[in-house]
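One structure below.
The values are calculated or read from the model by the stated rules, or taken from the named source; none is laboratory data. Small disclaimer: the values here were computed from a predicted structure and weren't measured. Cβ coordinates were reconstructed from backbone atoms using ideal geometry, including for glycine residues, and neighbour counts include every protein chain displayed.
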Amino acid sequence: MVWLGALMLIATTTWIGFEWSSRLANRPKHIRQVKNALQILEAEMMYSQLPLQEAFHAIKKQTPFPIHAFFDRLYKNMHQESKDFKVVWGNSLDELMDISCLGKNEKEILLQFGQTLGQHDFNQQQKHIYLARSHLERELENANDQYEKYGRMAKSLGVLCGLFIVLLLL
Amino acid sequence: MNEISRLFPNQLQTELDRALTNRWEPLQEIRLRLQQPIELIFNQSHEQLVHLKPDKHDFVHIIQQLSDYSLYRMEEELREGYMTIEGGHRVGLAGKVNTLNGSVKAIQYITFLNIRIAKQKIGAARKLMPYLYNNGYKNTLIIGAPQTGKTTLIRDIARIISTGSNQVSPLKVGVIDERSEIAASINGVPQHDLGSRTDVMDACPKAEGMMMMIRSMSPEVLIVDEIGGNKDVEALLEALHAGVVVICTVHGYTLDELKRRPAIKRLLSQGIFQRFVLLHHTSIPGSSYTIYDESKRNMLRQKSGV
């Protein structure tokens, strides 16, 4: 029985370690996807001259999960949830945070970006997109660094923690 | 009036609805100024809602609703200073203007809004029509000061001609709508009923528009708003020589005054207009007018409710 318990403990901590590591690995990936989505948004605004809602629809079709879920929600709720676009954007962002590995900083960047959407003429709108993208670029570097620093360590740390606790308890 | 009240933030909307109960009918304009009381203009009167002062957030909200959250698409509108919304209502904009090489680029900070409520008066021109028809429609010039109902009248004329009646079969009508007032189109779709045989050239310069229409759409009747410049007159003469019936409006107070304007004088001296409709200023726009025939004889002097 003792051995079974020990095994389970190690399995659990290992799993936690892997989960942590995968979050670290996914964060840069998701940031990249958001950046891509912003680039598509810019193109849809500039070349297709689509209204915001249609632009969201177009982005939704071109992006992978979880970003696509975010734009899908925006597209569907834009005229239902609230007349205030900021509210819809904020709520969608909250949901995105639950299903993606984006960090606090990215959330703040996107939140700020949402405040500017649809209120400016094209040139200003484009500047805001660039600004958000350059902020995200910085976070991306940061996320990459973190992954390199802690990614592998997180995995081994999980196993080792498990072993350590088992040894203590035995 | 849902198209209009949906523009406002919830709180303003309820307050406005309360202030306006049963008074949508005579309402002409809702004017908003930053930090100033909202002003309502009715047919006969105007009033200020002293307790309603829209702030910056209200303006942002309204502008977002106006542009469907996509102000970046409104370049043209921001340069022209107005936009047309669903239902044909027009919203005039004013504020801080950005210029590029001396010409207006866009209104950057919108701080004044004038929501002008469009009311299509179906049947406004019905009483007028028999005078414009005598074995075919006559070339007609409608003369009126601002707010006398020129556009209302010409819109209904377009509708009646292209719908036809028991005695008169419907004709192909071409409307050149330079200021998007006759049809109030959004993305080329007219928001007012102009009849089933009407084609609209929206936001197109009149002179070019008339020629384009004649070349490509073969209209039998051309309807043009607010002619004025030499180029307009040139194109009008061209159209008339092409055998198209022209019905147009012009800004003015009396026939004699028109003769003093060089471009119009040229048009009148050719003797091509067979009917002149002079609109009078009354409380109900488009309801009172005098009609002259080609030799400037008064065909009637009538005052009638619509």
Practice item. Would you mind finding the one in B:C204, B:C248 that is out of contact with any Cys (no Cβ under 6 Å at 6 or more places or on another chain) and at pLDDT below 90? Key: B:C204
Check your understanding: Would a scan of the stretch B:226-237 turn up a residue that is farther than 19 Å from B:R179 by Cα and not aromatic (F, W, Y)?
Key -> yes
**Study point:** Scan of the stretch B:1-40 for residues that are within 14 Å of another protein chain (Cβ to nearest Cβ) and free of Cβ contacts under 8 Å to residues at least 40 places away in the same chain, ordered by number
**Key:** B:N2, B:S5, B:N10, B:Q11, B:Q13, B:T14
Point to revise | Enumeration of residues in the stretch B:131-152 that are crowded, with 21+ Cβ neighbours inside 10 Å, part of a helix (DSSP H, G or I) and out of contact with any Ser or Thr (no Cβ under 8 Å at 6 or more places or on another chain) | key: B:T152
Practice item. Kindly provide the set of residues from the stretch A:125-142 that are free of Cβ contacts under 8 Å to residues at least 24 places away in the same chain and of a type in the set (A, V, I, L, M, F, W, C), ordered by number. Key: A:L131
Study note, to complete from the structure: All-but-one check, B:N43 against (1) in contact with a strand residue (DSSP E or B) (Cβ under 7 Å, 6 or more places away or on another chain); (2) exposed (fewer than 14 other Cβ atoms within 10 Å of the Cβ); (3) away from chain A (no Cβ under 14 Å); (4) modelled with pLDDT of 85 or more, failing number (4)
Revision key, fill the gap. Reported set for the stretch B:216-239 where residues are more than 20 Å from B:G252 (Cα to Cα), at pLDDT 90 or above and not in a loop (DSSP other than H, G, I, E, B) is B:S216, B:M217, B:V221, B:L222
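Would you call B:L16 surrounded by 16 or more Cβ atoms within 10 Å (Cβ to Cβ), part of a helix (DSSP H, G or I) and not aromatic (F, W, Y)?
Details: surrounded by 16 or more Cβ atoms within 10 Å (Cβ to Cβ): yes; part of a helix (DSSP H, G or I): yes; not aromatic (F, W, Y): yes.
Yes: the conditions hold for B:L16.
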Check your understanding: Quick one: would you say A:F122 is in contact (Cβ under 8 Å) with a residue 24 or more places away in the chain, within 14 Å of chain B (Cβ to nearest Cβ) and over 28 Å from A:Y150 (Cβ atoms)?
Key -> yes
Study note, to complete from the structure: The one condition B:C248 fails out of (1) under 29 Å from B:Q120 (Cβ atoms); (2) surrounded by fewer than 16 Cβ atoms within 10 Å (Cβ to Cβ) is (2)
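Given the residues B:L128, B:L113, B:L93, which is the only one that is farther than 28 Å from A:E54 by Cα and either surrounded by 19 or more Cβ atoms within 10 Å (Cβ to Cβ) or within 12 Å of chain A (Cβ to nearest Cβ) (or both)? Full working, then the answer.
On the way: B:L113 fails: farther than 28 Å from A:E54 by Cα; B:L93 fails: farther than 28 Å from A:E54 by Cα.
The conditions single out B:L128.
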Point to revise | Of residues in the stretch A:112-142 being crowded, with 16+ Cβ neighbours inside 10 Å and among the charged types (D, E, K, R), the one nearest to A:Q53 (Cα to Cα) | key: A:D121
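Going by the conditions given, is B:I30 touching a helix residue (DSSP H, G or I) at 6+ places or on another chain (Cβ under 9 Å) and assigned to a strand (DSSP E or B)?
Numbers: touching a helix residue (DSSP H, G or I) at 6+ places or on another chain (Cβ under 9 Å): yes; assigned to a strand (DSSP E or B): yes.
It is true that B:I30 is touching a helix residue (DSSP H, G or I) at 6+ places or on another chain (Cβ under 9 Å) and assigned to a strand (DSSP E or B).
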Review point. Could we say that A:I109 is buried (at least 17 other Cβ atoms within 10 Å of the Cβ), within 14 Å of the chain's Cα centre (by Cα) and either away from chain B (no Cβ under 14 Å) or part of a helix (DSSP H, G or I) (or both) here?
Key: yes
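May I ask you to verify whether A:G114 is small (G, A, S) and within 30 Å of A:S22 (Cα to Cα)?
Criteria met by A:G114.
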**Study point:** Per-region count, the stretch B:20-47, residues more than 27 Å from B:I186 (Cβ to Cβ) and over 26 Å from the mean Cα position of the chain (by Cα)
**Key:** 4
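Looking at the stretch B:46-68, which of the residues that are in a loop (DSSP other than H, G, I, E, B) and at pLDDT 85 or above is nearest to the other protein chains (Cβ to nearest Cβ)?
Taking the candidates together, the pick is B:S67.
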Point to revise | Subset of the stretch A:1-16 that is within 17 Å of A:L167 (Cβ to Cβ) and in contact (Cβ under 8 Å) with a residue 24 or more places away in the chain - its residue that is surrounded by the fewest Cβ atoms within 10 Å (Cβ to Cβ) | key: A:V2
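Please specify each residue of the stretch A:83-106 satisfying the condition of being in a helix (DSSP H, G or I), touching a helix residue (DSSP H, G or I) at 6+ places or on another chain (Cβ under 8 Å) and among the aliphatic types (A, V, I, L, M).
First, pick out the residues of the stretch A:83-106 that are in a helix (DSSP H, G or I): A:85-99, A:104-106.
Checking which are touching a helix residue (DSSP H, G or I) at 6+ places or on another chain (Cβ under 8 Å) leaves us with A:85-86, A:88-93, A:95-97, A:99, A:105-106.
Correct list: A:V88, A:L93, A:L96, A:M97, A:I99.
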Exercise for review: Taking A:R152 as the residue in question, decide whether it is loosely packed, with under 14 Cβ neighbours inside 10 Å, part of a helix (DSSP H, G or I), modelled with pLDDT under 90 and away from every other protein chain (no Cβ under 14 Å).
Suggested key: yes
